[in-house]
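Enquirer: The structure that follows is given in the form of structure tokens.
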Amino acid sequence: MSIDKPTISVGPPGTFPGFSGPHAPQESDLYKCVHCGFCLQACPTYLETGLEAESPRGRIALMKAVNEGRLDMSPSVVGHWDLCLQCRACELACPSGVEYGKLMEATRAQVEQHTKRSFTERTARSIGYNTMLPSPVKLRMAGNALKFYKKSGMRTIARGTGLLKLLPGDAELADAYLPELSDNFFVAKGQVHPAQGVRKAKVAMLAGCVMALTHAETLEATVRVLTRNGIEVHLTAGQGCCGALNTHSGEPDSAIEMAKQNIDSFLSAKPDAIVSASAGCGAAMKDYGELLANESEYVDKAKQVAELTKDIHELLVEYEFEAPTKPLNVKVTYQDPCHLLNVQRITDAPRAILNSIPGLELINLGEAAVCCGSAGTYSLTQREMSAKLGKRKARNVLATGAEIVATGNPGCAMQLDFALTEVAKEDSISRSTKVRYVVDLLDQAYALERS
Ligand code: SF4
Ligand code: SF4
């Protein structure tokens, strides 16, 4: 099975009745597009393919055609939608205010309602979206199993004996994409980290799902940076994954349940703000009001959480973080995560933090607005396009000559890491560029003051 191609089945031709049922795209959103094409050059999949069907305008035209019964929701149509990264660069370029992200999320929910995926895909999706992501405990168990697989020599045996080729699905691909895991996972279980000095604010902090396993050190750095700046941090118990991966993959019902758990958990601390060190998660939480709009018991609390949510860079700047005083002599380029740039529209705050570090030279990155190809589970489900965009981004990073590429999202950090290694292999060069979070560098600069 190639997971780059949709393996869905649909009803007989001409029988699709148009979008219907829960989470359907709103016609008022669908018919806002005036076909001007201003979004085309902003779209990474259009830039790579030059095909109208792989552009925002083309995908919206397909949505309209399917809605009006002129086209079936065929594997080919779904394939064009699936290739969309949901990076939302098109929204920034659109003069008509088309909320493309909302349209695509609703369209994907329709695909899941009206089509049938293969048994392997259904099983994988059910395990991922309904079993693993809603449970931080199960995610940590899976993380520990992965660590064992890598460290015990089992991975070497599986690769060396060709066992991966014999397993069903894309086991070889999954193995190649296994992320590096943190030595100690980050666990939110009700800890309170007091502010240093005068307390400016009390925040609840999201630990998240993937980031808590892959970048636990950055989450610890985030706590240190916040407390260093007079902010009390509550790692409220009962929180879990923000639900973004589910929402983007057409699984809004499970995302709603995950959001409810987080809402109860965060609001229990009565925080002044809720902070996310992951751009994708922060964007998802800022959208809770909309996601839970039909949940009468939660809608007001969801709006409250959405309003309280801040990206870490946004929060630090708002609370006037202290600039470090000791120099960190390093050349850095900054990669804008799409969910910070296009969705939360935050561009200055991360740069302000980097520029506040004495000695740090910030170098502009070419094609800064083009997605790195990570896009949640996209790097697994659309590996060819993901790899192309990852390498494109890595080559832009290398062109800056920076020693470090800084970012603010776990998916981007993993994708950059993977792509920089791939490009180094392709070009037979040794890889020296490191991937860090902006907050890691601020924490490192503060640490110099203590040494
Ligand atoms: S979300 Fe990104 S990939 Fe999808 S259509 Fe818009 S610009 Fe293209
Ligand atoms: S820029 Fe907006 S209105 Fe113009 S084609 Fe793209 S989505 Fe449609």
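Enquirer: For residue 367, state whether it is closer than 20 Å to residue 86 by Cα and touching a residue at least 40 places away in the same chain (Cβ under 8 Å).
Expert: no
Enquirer: Could you run through segment 412-432 and say how many residues are on the phi < 0 side of the Ramachandran plot and more than 22 Å from the chain's Cα centre (by Cα)?
Expert: Count: 9.
Enquirer: Looking only at segment 72-83, decide whether some residue is modelled with pLDDT of 90 or more and either within 16 Å of ligand 2 (Cβ to nearest atom) or of a type in the set (Lys, Arg) (or both).
Expert: yes
Enquirer: Can you work out which of the residues in segment 225-243 that are over 30 Å from residue 445 (Cβ atoms) and touching an Asp or Glu at 6+ places or on another chain (Cβ under 9 Å) is surrounded by the fewest Cβ atoms within 10 Å (Cβ to Cβ)?
Expert: Selected residue: 238.
Enquirer: Return the residue satisfying two criteria in turn: it lies in segment 31-62 and is away from ligand 2 (no atom under 11 Å from the Cβ) and of a type in the set (A, V, I, L, M, F, W, C), and of such residues it is surrounded by the fewest Cβ atoms within 10 Å (Cβ to Cβ).
Expert: Top of the filtered list is 51.
Enquirer: Here's another thing I want to ask about it. Quick check on residue 336: is it over 20 Å from residue 449 (Cβ atoms), buried (at least 22 other Cβ atoms within 10 Å of the Cβ), at pLDDT 95 or above and charged (D, E, K, R)?
Expert: Spelling it out, residue 336 is indeed over 20 Å from residue 449 (Cβ atoms), buried (at least 22 other Cβ atoms within 10 Å of the Cβ), at pLDDT 95 or above and charged (D, E, K, R).
Yes/no matrix, rows are residues, columns are (1) of a type in the set (A, V, I, L, M); (2) under 19 Å from the mean Cα position of the chain (by Cα):
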site: 91; (1), (2): no, yes
site: 95; (1), (2): no, no
site: 105; (1), (2): no, yes
site: 110; (1), (2): no, no
site: 114; (1), (2): no, no
site: 118; (1), (2): no, no
site: 121; (1), (2): no, no
site: 132; (1), (2): yes, yes
site: 139; (1), (2): yes, yes
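Enquirer: I'd like to know if segment 332-353 contains one or more residues that are out of contact with any Asp or Glu (no Cβ under 6 Å at 6 or more places or on another chain), among the aromatic types (Phe, Trp, Tyr) and more than 24 Å from residue 286 (Cα to Cα).
Expert: no
Enquirer: Hey, can you tell me all the residues within segment 318-341 that are more than 16 Å from ligand 1 (Cβ to nearest atom) and of a type in the set (A, V, I, L, M)?
Expert: Result: 323, 328, 330, 332.
The values are calculated or read from the model by the stated rules, or taken from the named source; none is laboratory data. Values in this document were obtained by computation on a predicted structure and should not be read as measured data. All Cβ positions, glycine included, derive from the backbone under ideal geometry; neighbour counts span all protein chains shown.
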